[in-house]
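In what follows, a single structure is set out as structure tokens and then discussed.
The values are calculated or read from the model by the stated rules, or taken from the named source; none is laboratory data. All of these numbers come straight from a predicted model, not from anything done at the bench. In this analysis, Cβ positions are derived from the backbone assuming ideal geometry, glycine residues included, and neighbour counts consider all displayed protein chains. Surface areas here come from the heavy atoms of the whole protein model, side chains and all, with no ligands, DNA or RNA. Shrake-Rupley method; radii C 1.70, N 1.55, O 1.52, S 1.80 Å.
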Amino acid sequence: MKKLIIANWKMNPDTPEAAVRLVRAVLRQFKTAEPQNVEAVVAPPYPFLPAVGRALGGGIKLGAQDIFWEARGAYTGEISGGQLAALGVEYVLIGHSERRIHLGETDLMVQKKIRAAFAADLTAVLCVGERERQGADIPSVVGEELAAGLAGVKKDAVKNLVIAYEPVWAISTTPGAAGADTPDSAFRARLYIEKTLKNLYGVRAAARVRIIYGGSVRAANAASFLGEGQMDGLLVGGASLEDEEFGAIAAAAAKFKYLNI
Ligand code: PGA
């Protein structure tokens, strides 16, 4: 399976021109990184989706950072899955910790968004992770966020599901961030998530769900999460705004195709 690298631009950059410049620079770097061996996604802010989508061409896919759960209607300010799909969006981040923390997004909202993503044929990237480091054990909140987010989701839908394990304390912009998790602890989180998915959907369906890591990923640590950490991919925030850094992360991910991990 190809490794999946998702660039989460968050609320950056400021203008559509800057977004197009950035995506062009990212594409140039990406093309030197054996792009056929990695699955890459760029998730820009909503208003830049059309321009970034046009600039992307093949190679890198378009992602969105959020979705609303209703398909249409009187929901001022919201964007539906169908509207995203019509812009060429294929992936959507759901339940990112910044939305849970700053926008008060609840597990129930996350659950409805996951279903809306599947209804629109989008791949849902469900973000889970604890706010504080709690010793060596995988915090129970990870299991709770998974169970709540996936409630009512049927087995045949999970082929379009990605789980992003993102400990909040490891996200580069979290105040007092502790830096990236260790590959070893990310691996334990992976095993825990895998077990939860197996219990919910059985071994075969669970095996199709990609489990990725996010939190202070940079070129220097990317390979360790994909290798030792056995992650299926990476969710990259800050470093995805630096074209060379993102290119180097993609290059690291492409190498794993040969290792067949
Ligand atoms: P970071 O962000 O790579 O800047 O830590 C990751 C994320 O929040 O998705």
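Note on the stretch 1-66: enclosed strands (runs of 3 or more DSSP E) holding 1 or more residues that are open to solvent by 50 Å² or more (accessible area, probe 1.4 Å) and away from the ligand (no atom under 15 Å from the Cβ) are 60-64. Consider Ile193 carefully, then state whether it is more than 15 Å from the ligand (Cβ to nearest atom), open to solvent by less than 30 Å² (accessible area, probe 1.4 Å), modelled with pLDDT of 95 or more and in contact with a strand residue (DSSP E or B) (Cβ under 6 Å, 6 or more places away or on another chain). For Ile193, the condition - more than 15 Å from the ligand (Cβ to nearest atom), open to solvent by less than 30 Å² (accessible area, probe 1.4 Å), modelled with pLDDT of 95 or more and in contact with a strand residue (DSSP E or B) (Cβ under 6 Å, 6 or more places away or on another chain) - is met.
Determine if the stretch 151-161 includes at least one residue that is touching a residue at least 40 places away in the same chain (Cβ under 8 Å), within 27 Å of Ala239 (Cα to Cα), open to solvent by less than 20 Å² (accessible area, probe 1.4 Å) and within 15 Å of the ligand (Cβ to nearest atom). No, there is no match, as no residue in the stretch 151-161 is touching a residue at least 40 places away in the same chain (Cβ under 8 Å), within 27 Å of Ala239 (Cα to Cα), open to solvent by less than 20 Å² (accessible area, probe 1.4 Å) and within 15 Å of the ligand (Cβ to nearest atom). Going by the structure shown, is Glu70 among the acidic types (Asp, Glu) and over 18 Å from the mean Cα position of the chain (by Cα)? Against the criterion (among the acidic types (Asp, Glu) and over 18 Å from the mean Cα position of the chain (by Cα)), Glu70 qualifies. Scanning the stretch 72-113 for residues that are open to solvent by less than 40 Å² (accessible area, probe 1.4 Å), within 16 Å of the ligand (Cβ to nearest atom) and either outside any helix (DSSP H, G or I) or over 25 Å from Arg210 (Cβ atoms) (or both) yields Tyr91, Val92, Leu93, Ile94, Gly95, His96, Glu105. Considering only the stretch 211-261, state which residues are within 11 Å of the ligand (Cβ to nearest atom) and of a type in the set (A, V, I, L, M, F, W, C). Residues satisfying the conditions are Ile212, Val217, Ala222, Leu234, Leu235, Val236, Ala239, Leu241, Phe246, Ile249.
Is there a residue being in contact with a helix residue (DSSP H, G or I) (Cβ under 9 Å, 6 or more places away or on another chain), assigned to a helix (DSSP H, G or I), touching a residue at least 12 places away in the same chain (Cβ under 8 Å) and among the charged types (D, E, K, R) anywhere in the stretch 244-253?
Within the stretch 244-253, one or more residues are in contact with a helix residue (DSSP H, G or I) (Cβ under 9 Å, 6 or more places away or on another chain), assigned to a helix (DSSP H, G or I), touching a residue at least 12 places away in the same chain (Cβ under 8 Å) and among the charged types (D, E, K, R).
Number of residues in the stretch 124-148 that are touching a strand residue (DSSP E or B) at 6+ places or on another chain (Cβ under 9 Å) and within 16 Å of the ligand (Cβ to nearest atom) equals 8.
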